[in-house]
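The values are calculated or read from the model by the stated rules, or taken from the named source; none is laboratory data. All values derive from a computational prediction rather than experimental measurement. Quick reminder, even Gly has a Cβ in these numbers, built from the backbone with ideal geometry, and neighbours come from all protein chains shown. Areas reflect the complete protein model, heavy atoms only, side chains present, ligands, DNA and RNA absent. Shrake-Rupley method; radii C 1.70, N 1.55, O 1.52, S 1.80 Å.
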Amino acid sequence: MRRVSIFGSTGSIGENTVDLIARAPGEFRVVALSGGHNVDRLAEQAIALDAEIAVTAVPDLKQRLADRLSGSGTEAAAGPEALVEAARRPADWVMSAIVGAAGLRPGLAAVEQGATLALANKESLVCAGELLLRIARAHDAAVLPVDSEHSAVFQALAGEDIAAVERVILTASGGAFRDWPIEDLVRATPEQAATHPNWDMGRRITVDSASMFNKALELIETNEYFGIKPKQIEVVVHPQSLVHALVGFRDGALMAHVGPPDMRHAIGYALNHPQRRALPVERLDLVRIGRLDFREASETRWPALRLAREVMRLRGLAGAAFNAAKETALDAFLAREIRFTDMAAVVEETLEAMHRENALKCDRMGLDQVMETDHVARERAAQVVAQIRTDA
Ligand code: NAD
Ligand code: MG
């Protein structure tokens, strides 16, 4: 039986992963599951899948989790260190589906023990792609992308020579405000931003889709994971979210990956790789769909895309600073401290300040440097947020 762990099992990607595992009784031994505040759901999952250990990221919730698990045979643990320890437990396949930079250390621990890492947590690649991939190589651990676009690119590249790739095109739904007049964006509320036209995802990534910070992270993710040059990576708006990405080769061919907006495809692909097994996803009826539309992804409407290009130019620790500033700006927007359109300004000013201070350079990336950069960027970004509030 394959031993599997799921970090962030109570989230949107986590629940979809649990769903696929639960559909294959007898095939998997579940080692660790992890969640945050929702310990009741975490305990339910752990009991249903007979997990060895369940970890909540929230130290204060350890007793509640232990109570829910009493008599089940599943161990309870809590806190960030317990998460890393759980990721060190021998496993063949580990899903990294915590949201944010908090997903980095469990993912690193998983590849250090040689597990195949199914990577939904794109922030790991943005903050520390060089480090994560270096450690994975050193331990002969495969890293498989679980973002729909990157899974699509990965599949389009199977059996191909990466040197023959001319360009990669990532599609973006355009998020909640795709059709809003640009001057209205300043009044967008967190509730409005948290609705997505096509995908059902966690709240943070849904708001990031509206601002295109999600696509910005994905540009960097493509650059880090596949080593494709920034100028070869394009973004187009595709309102139907059926074409997930396209790879263009030097003979002019474009290979598109088409499928329903259901993350169980990308998760299942990574779970079954290198095999393809049947998955419970909708089969597309092309005649009913009728048409696929594509539009320009404007950097004026979505400045996050421009900032991603700047991060790829700066490299080094710029990704870690970018992500941390983005997370801080997102929290401030969700708390109604800044406006929707202020988020890009917070990120841009943070990056500029840290670049001026020469704080984004590094030769050989280490975890301490990444964590320090993350910390400094959050402080800087919080200062920019405070300044915006004073000016308002
Ligand atoms: P979510 O908010 O639904 O779930 C996040 C999970 O992480 C939950 O289990 C939560 O308890 C846990 N968590 C939150 N903060 C934590 C912390 N500080 N420490 C430890 N655990 C914490 O998020 P999601 O939409 O499932 O996204 C998870 C990851 O997958 C993100 O990196 C996201 O960008 C990526 N992703 C998601 C989708 C999607 O369709 N939802 C698609 C592509 C990529
Ligand atoms: Mg994606």
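Of the residues Phe340, Phe322, Phe333, Phe294, the single one that is closer than 16 Å to Glu123 by Cα and aromatic (Phe, Trp, Tyr) is Phe322.
Do the conditions hold for Ile182, that is, is it away from ligand 2 (no atom under 16 Å from the Cβ) and under 25 Å from Lys229 (Cβ atoms)?
Values: away from ligand 2 (no atom under 16 Å from the Cβ): yes; under 25 Å from Lys229 (Cβ atoms): no.
So Ile182 does not fit the description; no.
For Asp363, indicate whether it is on the phi < 0 side of the Ramachandran plot and over 24 Å from the mean Cα position of the chain (by Cα). Taking the combined requirement at face value, the residue satisfies it. Here is a check on your reading of the model: is Ala24 in a loop (DSSP other than H, G, I, E, B) and either surrounded by 24 or more Cβ atoms within 10 Å (Cβ to Cβ) or modelled with pLDDT under 95 (or both)? Against the criterion (in a loop (DSSP other than H, G, I, E, B) and either surrounded by 24 or more Cβ atoms within 10 Å (Cβ to Cβ) or modelled with pLDDT under 95 (or both)), Ala24 does not qualify. When you look at Leu132, is it more than 13 Å from ligand 1 (Cβ to nearest atom), under 25 Å from Glu310 (Cβ atoms) and without any contact (Cβ under 8 Å) to a residue 60 or more places away in the chain, yes or no? Answer is yes for this residue.
Would you check if Asp200 is closer than 29 Å to Lys231 by Cβ and either open to solvent by less than 10 Å² (accessible area, probe 1.4 Å) or within 16 Å of ligand 2 (Cβ to nearest atom) (or both)? Answer is no for this residue. Determine, yes or no, whether Ala318 is over 29 Å from Glu183 (Cβ atoms) and out of contact with any His (no Cβ under 7 Å at 6 or more places or on another chain). Answer is yes for this residue.
Within the set Arg288, Arg277, Arg295, Arg283, the sole residue that is open to solvent by 30 Å² or more (accessible area, probe 1.4 Å) and touching a residue at least 60 places away in the same chain (Cβ under 8 Å) turns out to be Arg295.
Quick check on Val58: is it β-branched (Val, Ile, Thr), open to solvent by less than 10 Å² (accessible area, probe 1.4 Å) and at pLDDT 95 or above? Spell out the reasoning first.
On the way: β-branched (Val, Ile, Thr): yes; open to solvent by less than 10 Å² (accessible area, probe 1.4 Å): no; at pLDDT 95 or above: yes.
Considered against the rule, which asks whether it is β-branched (Val, Ile, Thr), open to solvent by less than 10 Å² (accessible area, probe 1.4 Å) and at pLDDT 95 or above, Val58 comes out as no.
Is one or more of the residues making up the stretch 72-91 assigned by TED's automatic domain parsing to the domain that holds Ala57, within 16 Å of ligand 2 (Cβ to nearest atom), touching a Ser or Thr at 6+ places or on another chain (Cβ under 8 Å) and at negative phi? For the stretch 72-91, residues assigned by TED's automatic domain parsing to the domain that holds Ala57, within 16 Å of ligand 2 (Cβ to nearest atom), touching a Ser or Thr at 6+ places or on another chain (Cβ under 8 Å) and at negative phi: absent. Is it the case that some residue within the stretch 15-34 is under 20 Å from Val99 (Cα atoms) and within 16 Å of ligand 2 (Cβ to nearest atom)? Taking every residue of the stretch 15-34 in turn, at least one turns out to be under 20 Å from Val99 (Cα atoms) and within 16 Å of ligand 2 (Cβ to nearest atom). Being of a type in the set (Asp, Glu), modelled with pLDDT under 95 and not assigned by TED's automatic domain parsing to the domain that holds Thr222 holds for only one residue in Asp342, Asp363, and it is Asp363.
Being assigned to a helix (DSSP H, G or I), open to solvent by 10 Å² or more (accessible area, probe 1.4 Å) and not β-branched (Val, Ile, Thr) holds for only one residue in Leu133, Leu104, Leu125, and it is Leu133.
Being of a type in the set (A, V, I, L, M, F, W, C) and within 16 Å of Ala321 (Cα to Cα) is the filter here; which residues of the stretch 78-137 pass it? Within the stretch 78-137, Ala101, Ala102, Leu104, Leu125, Val126, Cys127, Ala128, Leu131 qualify.
You will find that of Glu372, Glu348, the residue that is outside any loop (DSSP other than H, G, I, E, B), closer than 22 Å to Arg315 by Cα and open to solvent by 90 Å² or more (accessible area, probe 1.4 Å) is Glu372 and no other.
Can you tell me how many residues in the stretch 207-239 are in a loop (DSSP other than H, G, I, E, B) and either within 16 Å of the chain's Cα centre (by Cα) or within 16 Å of ligand 1 (Cβ to nearest atom) (or both)? Quick ask: steps written out before the conclusion?
Filtering the stretch 207-239 for residues in a loop (DSSP other than H, G, I, E, B) gives 212, 227-229, 238-239.
Narrowing the set further to residues that are either within 16 Å of the chain's Cα centre (by Cα) or within 16 Å of ligand 1 (Cβ to nearest atom) (or both) leaves 212, 238.
Count: 2.
Only residues that are away from ligand 1 (no atom under 16 Å from the Cβ) and either part of a strand (DSSP E or B) or among the aliphatic types (A, V, I, L, M) (or both) were counted across the stretch 244-259, and they come to 9.
Scanning the stretch 203-227 for residues that are away from ligand 2 (no atom under 14 Å from the Cβ) and closer than 14 Å to Lys122 by Cβ gives Asn223, Glu224, Phe226. Here is the figure for the stretch 107-119: residues that are touching an Asp or Glu at 6+ places or on another chain (Cβ under 7 Å) and either open to solvent by less than 20 Å² (accessible area, probe 1.4 Å) or within 16 Å of ligand 2 (Cβ to nearest atom) (or both) total 1.
Condition (residue is modelled with pLDDT of 95 or more and either under 22 Å from Asp331 (Cα atoms) or part of a loop (DSSP other than H, G, I, E, B) (or both)) applied to the stretch 150-159: is it met by at least one residue? Explain how you work it out, then say what you get.
Taking the stretch 150-159 first, the residues modelled with pLDDT of 95 or more are 150-159.
Cutting the leftovers down to either under 22 Å from Asp331 (Cα atoms) or part of a loop (DSSP other than H, G, I, E, B) (or both) gives us 158-159.
So far as the stretch 150-159 goes, yes, one or more of its residues are modelled with pLDDT of 95 or more and either under 22 Å from Asp331 (Cα atoms) or part of a loop (DSSP other than H, G, I, E, B) (or both).
Among the residues making up the stretch 139-186, those that are open to solvent by 40 Å² or more (accessible area, probe 1.4 Å) and in contact with a Gly (Cβ under 7 Å, 6 or more places away or on another chain) are His139, Asp140, Glu166, Arg167.
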